[in-house]
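The values are calculated or read from the model by the stated rules, or taken from the named source; none is laboratory data. All values reported here derive from a predicted model rather than from experimental measurement. Neighbour counts run over all protein chains shown; Cβ positions are idealised from the backbone, glycine included.
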């Protein structure tokens, strides 16, 4: 292996990292991971860290899982990749069938891509062309403030986080934005409740009464706005939106990229509210955190609108070189088998309850302004002044300072601004959960 110092130098010289101010990155000591086992990551110096963010929310069953490893090896001995433009492959077929079997009833067709943003981009284009193929021209999308659906232009258009999206506003198509449910509820009712849910649904209905004939779809995340800082929805909000989209005959896109594959306690959050959207976007945990893969699931009704004679040009002119990649689909199938064999969701329930109990301890800290949770997803918001709700200055990088303190205790975290995100692998032990929570508690306390 190369000298670690050489690797560190090359990393800062050649590698432009995502969502990273490279001037700061090049001035600091950074982690370079070399290997992993279970919930532990090992850097190039052999130091180990609990992966408390599941390698950006995608690792499910731990790293270096023997069944997932073997699935890739077995497929690699056959073929690594073949195009799905006008042809197919065995793992892609089997995975599509399996996804339909576990998805909310009515989602019957699967279109593959490589990451969550592309899954959303596909849903946008399918929804838009669906109306064209039916002889209608619609151009309005409804979304939420503080939304995040990825970083491609269509996905950014549906987004609502100025910090991420503001620089590109002149490139984006216009949308109508409802308030972020959590922030609206906090401002008006101080809690998630039926009153705020009903207010928001009434707002949506007023928009649809006036503009439904021009609305392509409403798009929203499933139960919680993740990248906005773990902002959960009031219970029943998703179901209420689905009822209104049916009433006014507009399409519904639900982004389950972050919430899918167990993160909220069920395979998909939509199950918890009995919702079948017109499009459900999947990514992150679909391969257990092994390979880039995403999927956009939709209905027979949408699919049928794209059927016709070749000369009618109704088919979907969209695809990528690695769409339905053989290796990725093979490991995704193995990922779903592990869910069943290891009873992952069943074993997760007590962990969710334990996390909820332990999170209550953080309220006592001077610089904790809010604690939010949905299933096994949680966010702890840091504030400068708790009574006034005053945030730390953005440039202070307080969240990163806390994360670096956790690193000293062998816990790897990546905050969202000054929200400390807990998104642990679903298989983490109670003992390792305690290590994460204790390290984070002490790191936040050190700010006092």
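Key figures for this structure:
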read-out: Residue that is within 23 Å of residue 49 (Cα to Cα) and without any contact (Cβ under 8 Å) to a residue 60 or more places away in the chain, where the choices are 357, 340, 408; value: 408
read-out: Any hit, segment 280-287, residues being at pLDDT 95 or above and out of contact with any strand residue (DSSP E or B) (no Cβ under 9 Å at 6 or more places or on another chain); value: yes
read-out: Only listed residue being in a strand (DSSP E or B) and either touching a helix residue (DSSP H, G or I) at 6+ places or on another chain (Cβ under 9 Å) or buried (at least 24 other Cβ atoms within 10 Å of the Cβ) (or both), chosen from 244, 220, 238, 201; value: 220
read-out: Residue satisfying all of: in segment 416-439; over 20 Å from residue 63 (Cβ atoms) and in contact with a strand residue (DSSP E or B) (Cβ under 6 Å, 6 or more places away or on another chain); surrounded by the fewest Cβ atoms within 10 Å (Cβ to Cβ) among these; value: 419
read-out: Selection from segment 118-142 of residues that are in contact (Cβ under 8 Å) with a residue 40 or more places away in the chain and crowded, with 22+ Cβ neighbours inside 10 Å; value: 118, 119, 120, 122, 123, 124, 126, 127, 130, 141, 142
read-out: Verdict on residue 249 being on the phi > 0 side of the Ramachandran plot, without any contact (Cβ under 8 Å) to a residue 40 or more places away in the chain and either not assigned by TED's automatic domain parsing to the domain that holds residue 281 or not in a helix (DSSP H, G or I) (or both); value: yes
read-out: Qualifying position, being within 18 Å of the chain's Cα centre (by Cα) and surrounded by fewer than 18 Cβ atoms within 10 Å (Cβ to Cβ), among 85, 56, 99, 76; value: 56
read-out: Residue count, segment 377-398 (criterion: modelled with pLDDT of 95 or more and either closer than 16 Å to residue 182 by Cα or buried (at least 22 other Cβ atoms within 10 Å of the Cβ) (or both)); value: 7
read-out: Residues of segment 8-53 satisfying the condition of being loosely packed, with under 11 Cβ neighbours inside 10 Å and within 22 Å of residue 292 (Cβ to Cβ); value: 14, 16, 18, 19
read-out: Of all residues in segment 403-412 being more than 23 Å from the chain's Cα centre (by Cα) and in a helix (DSSP H, G or I), the one that is surrounded by the fewest Cβ atoms within 10 Å (Cβ to Cβ); value: 408
read-out: Residue in segment 296-306 that is within 30 Å of residue 65 (Cα to Cα), assigned by TED's automatic domain parsing to the domain that holds residue 102 and not in a helix (DSSP H, G or I) present; value: yes
read-out: Condition met for residue 182 (closer than 27 Å to residue 265 by Cα and either in contact with a helix residue (DSSP H, G or I) (Cβ under 8 Å, 6 or more places away or on another chain) or crowded, with 19+ Cβ neighbours inside 10 Å (or both)); value: yes
